[in-house]
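Engineer: Next up is a structure, given as structure tokens.
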Amino acid sequence: MDLDLTEEHEALRATVEDFARKEVAPVIGDLYEREEFPYEIVAKMGAMGLFGLPVSEEYGGMGGDYFALCLALEELARVDSSVAITLEAGVSLGAMPIYRFGTDAQKAEWLPALTAGEKLGAFGLTEAGGGSDAGATRTTARLDGDEWVINGSKAFITNSGTDITSVVTVTALTGDREISAIMVPSGTPGFRVAKPYSKVGWCASDTHELFFDDVRVPAANLVGERGRGYAQFLSILDEGRVAIAALSVGLAQGCVDESVRYAHEREAFGHHIGSYQAIQFKIADMEARAHTARLAYYAAASKMLKGAPFKKEAAIAKLVSSNAAMDNARDATQIFGGYGFMNEYPVGRFYRDAKILEIGEGTSEVQKMLIARQLGLR
């Protein structure tokens with residue numbers, strides 16, 4: 001089995017690595033602390049084609065390579081996760097439901113701007129009373145002539161309130177125990193975006209609660225088959241978990257990068273701290289976690305791209321990678337000591353950003369449940 005990247009993938013990885021170091025790293029700390037969305041960075045990522053990596057050229061994409069998106073997410077997250085999650089959510093949750101399940105007309109209308117990064121899409125699934133129980137949707141949509149009338153709310157929705165957000169695809173009850181997905185364009189009367197959440201991490205990312213009060217959209221805004229919204233969302237989340245795993249690996253590797261650098265610079269008791277075995281072993285464990293997690297998401301992505309079932313592998317990758325990110329962030333903070341507790345250092349951001357990776361797009365407990373089910377345990 002050849003785990004080496006192709007020339008094309010390596011060129012993309014190196015390009016995004018260079019972009020993250022030169023364009024993101026110098027400015028993201030200030031944006032993060034001011035909780036300001038990185039519009040200029042998003043525009044540059046759009047110009048690079050990153051938002052169109054897994055979409056075919058027919059709709060303005062780069063050819064439909066989901067693994068390329070994962071590589072880009074890993075390199076971005078080595079520097080900052082707010083930028084990485086903006087890309088991940090904009091693609092896997094914003095564009096992919098339309099790309100995977102939309103009509104030709106829907107794709108032609110919405111995807112070119114989304115794949116260019118000129119506009120952002122969001123996916124409204126989670127509700128305040130649901131969380132991991134995504135099937136407990138309470139938002140409703142009823143047909144009134146040739147329009148859907150939507151009522152309800154959604155919580156923790158990424159990319160939902162920026163100046164460039166164009167559409168949110170929401171899940172709603174369209175009948176008795178029937179969940180469908182419907183596109184709601186930004187600015188539709190009755191669609192209200194609450195003020196941004198005050199978050200522990202991902203502070204330069206956009207996250208809001210959404211409210212729908214007799215929101216009317218055309219019946220043609222149904223995405224995929226009526227009543228198949230839940231199944232569609234499960235499919236989208238399987239792909240998204242591979243992407244989140246890649247992002248988690250990036251954060252885990254970023255912790256290694258920063259810790260190695262600091263171990264060479266910081267002196268204690270007359271020596272660089274990297275000369276002490278306690279620090280060496282801690283960093284070695286961090287590198288082993290990042291390496292193992294990377295292999296896990298590579299394996300999941302390989303199955304996905306072959307068209308083989310990959311639900312178990314995606315769950316494993318997400319579980320292992322998010323654990324690695326959290327563990328590495330904790331150890332990096334310990335290596336930095338008091339400086340690790342200061343927001344001016346990247347590891348402070350990494351520590352704040354890591355925890356959500358064990359929660360978003362399926363908690364660690366949900367991943368274990370999925371793995372067990374794939375092993376035949378019910």
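The values are calculated or read from the model by the stated rules, or taken from the named source; none is laboratory data. For clarity, every value in this text was computed on a predicted model and none was experimentally measured. In this analysis, Cβ positions are derived from the backbone assuming ideal geometry, glycine residues included, and neighbour counts consider all displayed protein chains.
Engineer: Looking at (1) touching a strand residue (DSSP E or B) at 6+ places or on another chain (Cβ under 9 Å); (2) over 19 Å from Asn328 (Cα atoms); (3) not basic (Lys, Arg), find the lone condition where Ser235 falls short.
Structural biologist: For Ser235, the failing item is (1).
Engineer: Identify the residue in the stretch 249-271 that is touching a helix residue (DSSP H, G or I) at 6+ places or on another chain (Cβ under 7 Å) and of a type in the set (Gly, Ala, Ser) and, among all such residues, is surrounded by the most Cβ atoms within 10 Å (Cβ to Cβ).
Structural biologist: Within the stretch 249-271, the match that is surrounded by the most Cβ atoms within 10 Å (Cβ to Cβ) is Ala252.
Engineer: Out of curiosity, is Ile98 touching a Leu at 6+ places or on another chain (Cβ under 8 Å), in a helix (DSSP H, G or I) and over 25 Å from Tyr32 (Cβ atoms)?
Structural biologist: Answer is yes for this residue.
Engineer: Can you name the helices (runs of 4 or more DSSP H) wholly within the stretch 1-95 that have at least 1 residues being touching a strand residue (DSSP E or B) at 6+ places or on another chain (Cβ under 7 Å), buried (at least 24 other Cβ atoms within 10 Å of the Cβ) and not assigned by TED's automatic domain parsing to the domain that holds Leu305?
Structural biologist: 81-88
Engineer: I would also like to ask the following. In this structure, is Ala372 small (Gly, Ala, Ser), under 23 Å from the mean Cα position of the chain (by Cα) and either modelled with pLDDT of 95 or more or not in a helix (DSSP H, G or I) (or both)?
Structural biologist: Numbers: small (Gly, Ala, Ser): yes; under 23 Å from the mean Cα position of the chain (by Cα): no; either modelled with pLDDT of 95 or more or not in a helix (DSSP H, G or I) (or both): yes.
No, not satisfied.
Engineer: Could we say that Ala204 is at pLDDT 95 or above, closer than 20 Å to Lys119 by Cα and either in the same structural domain as Pro309 (by TED's automatic domain parsing) or touching a Pro at 6+ places or on another chain (Cβ under 6 Å) (or both) here?
Structural biologist: So Ala204 fits the description; yes.
Engineer: Would it be correct to say that Ala288 is buried (at least 24 other Cβ atoms within 10 Å of the Cβ), farther than 28 Å from Gly64 by Cβ and of a type in the set (Gly, Ala, Ser)?
Structural biologist: Taking the combined requirement at face value, the residue does not satisfy it.
Engineer: Using the structure shown, decide if Arg138 is outside any loop (DSSP other than H, G, I, E, B), surrounded by fewer than 18 Cβ atoms within 10 Å (Cβ to Cβ) and in contact with a Leu (Cβ under 9 Å, 6 or more places away or on another chain). First the steps, then the outcome.
Structural biologist: Values: outside any loop (DSSP other than H, G, I, E, B): no; surrounded by fewer than 18 Cβ atoms within 10 Å (Cβ to Cβ): yes; in contact with a Leu (Cβ under 9 Å, 6 or more places away or on another chain): yes.
No: the conditions fail for Arg138.
Engineer: Hey, among Asp163, Asp133, Asp176, Asp104, which residue is assigned by TED's automatic domain parsing to the domain that holds Ala219, surrounded by fewer than 21 Cβ atoms within 10 Å (Cβ to Cβ) and more than 22 Å from the chain's Cα centre (by Cα)?
Structural biologist: Result: Asp176 is the single residue among Asp163, Asp133, Asp176, Asp104 that is assigned by TED's automatic domain parsing to the domain that holds Ala219, surrounded by fewer than 21 Cβ atoms within 10 Å (Cβ to Cβ) and more than 22 Å from the chain's Cα centre (by Cα).
Engineer: So for the stretch 179-199 (the condition being among the aromatic types (Phe, Trp, Tyr), surrounded by 16 or more Cβ atoms within 10 Å (Cβ to Cβ) and at pLDDT below 95), does at least one residue qualify?
Structural biologist: no
Engineer: Considering only the stretch 110-131, I want to know if a residue exists there that is in contact (Cβ under 8 Å) with a residue 24 or more places away in the chain, part of a helix (DSSP H, G or I) and of a type outside the set (A, V, I, L, M, F, W, C).
Structural biologist: yes
Engineer: Take the stretch 333-348 and flag every residue that is of a type in the set (A, V, I, L, M) and under 25 Å from the mean Cα position of the chain (by Cα).
Structural biologist: Residue satisfying the conditions is Val347 alone.
Engineer: Oh, and also: Can you name the residue in the stretch 333-371 that is acidic (Asp, Glu) and over 22 Å from Gly29 (Cβ atoms) and, of all such residues, is surrounded by the most Cβ atoms within 10 Å (Cβ to Cβ)?
Structural biologist: Glu361
Engineer: Within the stretch 1-33, which residues are free of Cβ contacts under 8 Å to residues at least 60 places away in the same chain and under 16 Å from Asp206 (Cα atoms)?
Structural biologist: Across the stretch 1-33, the qualifying residue is only Asp30.
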